[in-house]
Structure formats: structure tokens, C-alpha cells
1. Kindly provide the set of residues from segment 121-150 that are within 16 Å of the ligand (Cβ to nearest atom) and of a type outside the set (D, E, K, R), ordered by number.
2. For segment 26-106, which strands (runs of 3 or more DSSP E) that fit wholly inside it have 3 or more residues that are within 16 Å of the ligand (Cβ to nearest atom)?
3. Hey, could you check segment 1-13 for residues that are assigned to a loop (DSSP other than H, G, I, E, B) and β-branched (Val, Ile, Thr) and say which is surrounded by the fewest Cβ atoms within 10 Å (Cβ to Cβ)?
4. With Lys201, Lys212, Lys232 as the choices, which residue is over 22 Å from Arg335 (Cβ atoms) and either modelled with pLDDT under 95 or surrounded by fewer than 17 Cβ atoms within 10 Å (Cβ to Cβ) (or both)?
5. Of the residues Ile237, Ile254, Ile270, which single one is more than 16 Å from the ligand (Cβ to nearest atom), β-branched (Val, Ile, Thr) and surrounded by fewer than 19 Cβ atoms within 10 Å (Cβ to Cβ)?
6. Could you check Tyr260 against (1) in the same structural domain as Val306 (by TED's automatic domain parsing); (2) within 16 Å of the ligand (Cβ to nearest atom) and say which number it fails?
7. Of all residues in segment 14-45 being of a type in the set (Val, Ile, Thr) and in contact (Cβ under 8 Å) with a residue 40 or more places away in the chain, which is surrounded by the most Cβ atoms within 10 Å (Cβ to Cβ)?
8. Those residues that are modelled with pLDDT of 95 or more and part of a helix (DSSP H, G or I), I need them from segment 329-366; list them, please.
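The values are calculated or read from the model by the stated rules, or taken from the named source; none is laboratory data. The shown structure was predicted, so the numbers you read here are calculated from the model rather than taken from an experiment. Cβ atoms come from the backbone with ideal geometry, glycine included; neighbour counts cover every protein chain shown.
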Amino acid sequence: MYKARHITDDIYYIGVNDRQKVLFENLIPLPHGVSYNSYLIMDEKTVLVDTVEVSFAEVFLDKLLSVLGDRHLDYLVINHMEPDHSGAIRAIRRMFPDIKIVGNARTFKMLDGFYGINDGLHEVKDGDKLVLGKHTLQFFLTPMIHWPETMMTYDINDKLLFTGDAFGAFGTLDGGVLDTDIETGNHLEESRRYFSNIAGKYGSAVQNALNKLKDIEIKTICPTHGPVWREKVNKIIEITDKLSRYEGERGVVIIYGSMYGNTEQMAEAIAYGLSEEGEKNITIYNVSKTDVSFILSDIFRYDRIVIGSPTYSNELFPEIASLLAKLETRDIKNRKFAYFGSSTWSNASIKLLAAFAERVKWDVVSLPIEIKQSLKEDKYEDCIALGRLLAKS
Ligand code: FEO
């Protein structure tokens, strides 16, 4: 029933869209859904590259069979074992008991652990090739994008790279699959949020992978989430390269927690000072309102970060503490930083923000600003001065 979706003459898209899941990994909001991409190569040998989340196995198998017809499926390549891609492996194995499963040594430990599958395996090492007929696949081990077993699979014939999570984006594929058939603005934004939240911790691993791939010609990137990149191959590589080097674009992100609006007024004054000095790219986030995944995305993107917190039960405002923990986990480097805080009787937030800055080794551009109870004239002017300083830094 399903129309074949060609990526190249012999390579087909057979992925699915998930518009049901509210939180990816039960953590990250999906306002535009997410796709789980899978690909089928039809050559003398037939090869499935990755599967989909288990709840979509039924429609996925129908798509697979609609392209495969009455041919046998010879290989399943597993680039990544996270269950959003490996969930339908058992169903595939039941349908094709003789299939050879292609992966590396780490893949197979996880395959056994998750699904109890430990035979019918074809192990590959870095650089190994598999001849299918007209097409030859080459495998590149790219650990930690996003798990230790992750690898990429290069189709030498079509100069096409199956990349697993790398170069992926949140957002369903609503009609088109190739970037040439889609308005990709939102997908590019969502690729930043995807990277920041999923692979952001592993910047050096991503750099290692980009280095390993730098000498192969890539005409098409087939990730496991989001559009297939062809027209924007260079663009998506450039975005990934910058994010994984923690190279911030010019821009200021101000994040505050505030119970009654006093700390918020400090954020407003800092932004005003920035604007007075000609800074145009400023975003203020109320940490209690905007999901942290969007804030992280902007912190990865921009070069100057300002964080303000009231003291709450002699600690940081809880949502700010949670944000800081996520930032530390991701080990984001090379940011200019300023901070501010408020209290009613004893101030802990400033000390805790100072300790955070020291731990993450961010470049603190100014002394912190601290208020008690409410923002008065002198501190208002200090906030504006801080904004001006940040604009010049
Ligand atoms: Fe899309 Fe790491 O799985």
C-alpha cells in the first residue's frame, strides 16, 4: 500500500512519524513530534539500516514489505542501539530468522542485553566493508554519538552516509523527507535543540567523528531523526561542528528565576543596558516558564550567558539549580558569564552561582549584582552598567 520513498535509485526511506510522544526520553518536549528514520537498500543483497521505536513496528513492517516485495531481507545494519531505533529488531528477526545482523562488538553486547539476540551476527570493525552487489558499505565506528556502540555506515556507490543520531533533528517529516522538498527552517532550529540535549555532552567525540569523516565525499546524510540532508549537507555539518566545538555565535541569553518579579526586574535592566550599547541579539528566559531544553539550545548557540536567581530555602531557586546541573553535565566551554541574585534575609544564591562559574571555568566578566528585597535605583544602574559591559565584551 505504501508508496516507495526514494532517497537514491536503490535506497528507500521507510521511517515513521511519532506525534504521540509528549516527552522524548521522557524528558524533552516534542512540540513538533519526532521521526524515527529507517532505510532500505535494494541491491543483489538487501539491507535494512536501523529500525524504529517498538510501538511503530506494525506500520514499519508494512512499509518494509511494500518495498521488499517477496525478496528476502539479507542484512540489518545497527548503527545505534538506543530503543528509539532498535525497538523493532525483534520483530524483524522473527520475520526474517536468517537475517545477518551487522554491528560492532559493543553493539552485540547491547543487542544481547536488550533483546536476548546473540546469534546470526556479522561483526564489523572500523573501516570494514560489506559488498552488496552494485553498492559497497563501509563502517566507521563513532563512539559516543550518542552511545559507546554508535557507528556510521557509508554507501560508497551513492556517497551517502547513514549517521544514526548525528545530524538528527526533532520534528516529524510532514510529507517530504529530503531537505530539498521541505522548508527546513524549523528543522534546523530543532537540530540545534536535539544536539544540545542529546549529544551536547559529547563534543569531543563529535569532533573525532567529523575528523574521521573529513576525507570522504558526502552527497547525502541520512540521520535517524529529521530530514535527509542533501542540499544542506554543508550547513548541517557546519552547525554540528560549531556546537561540538562550543563555539558561540554573538548573542546574549539571560535566564532568571523569580518568585515575585524582583529578580526579573534585574534581568530587564541588564537587557536594557545591552540594548543601549547596540546589542540586538538578546533573549530573556523565565526558567519557570520555558522548558530547559530550549534554554540549553540557546546556551549552546550563543557566546554570553547571564543567570540570576533568588535565594530559596538557603539554596538557589530550584529551577535554576536544575539548569546549572544540566549545564555542568554537558561541560559547555568558552562562555562569557555574568550573574546576579536576590534575597530577603540571607543571600546564598550569589555564592552558589560564583561556585558554579568556577567549576565550569566560564569567563566571569563582572562582579555579581545582589539585591535585598527589591531593586533600588543604585542597583538598577549597576544592572544597566553590567548590560553595557556585556555588550562590549
Ligand atoms: Fe535517537 Fe540515541 O537515539
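1. Result: Leu141, Thr142, Pro143, Met144, Ile145, His146, Trp147, Pro148, Thr150.
2. 34-36
3. It comes out as Thr8.
4. Lys212
5. Just a single option satisfies the conditions, and that option is Ile237.
6. Condition not satisfied by Tyr260: (2).
7. Ile41
8. Of everything in segment 329-366, those that are modelled with pLDDT of 95 or more and part of a helix (DSSP H, G or I) turn out to be Ser349, Ile350, Lys351, Leu352, Leu353, Ala354, Ala355, Phe356, Ala357, Glu358, Arg359, Val360.
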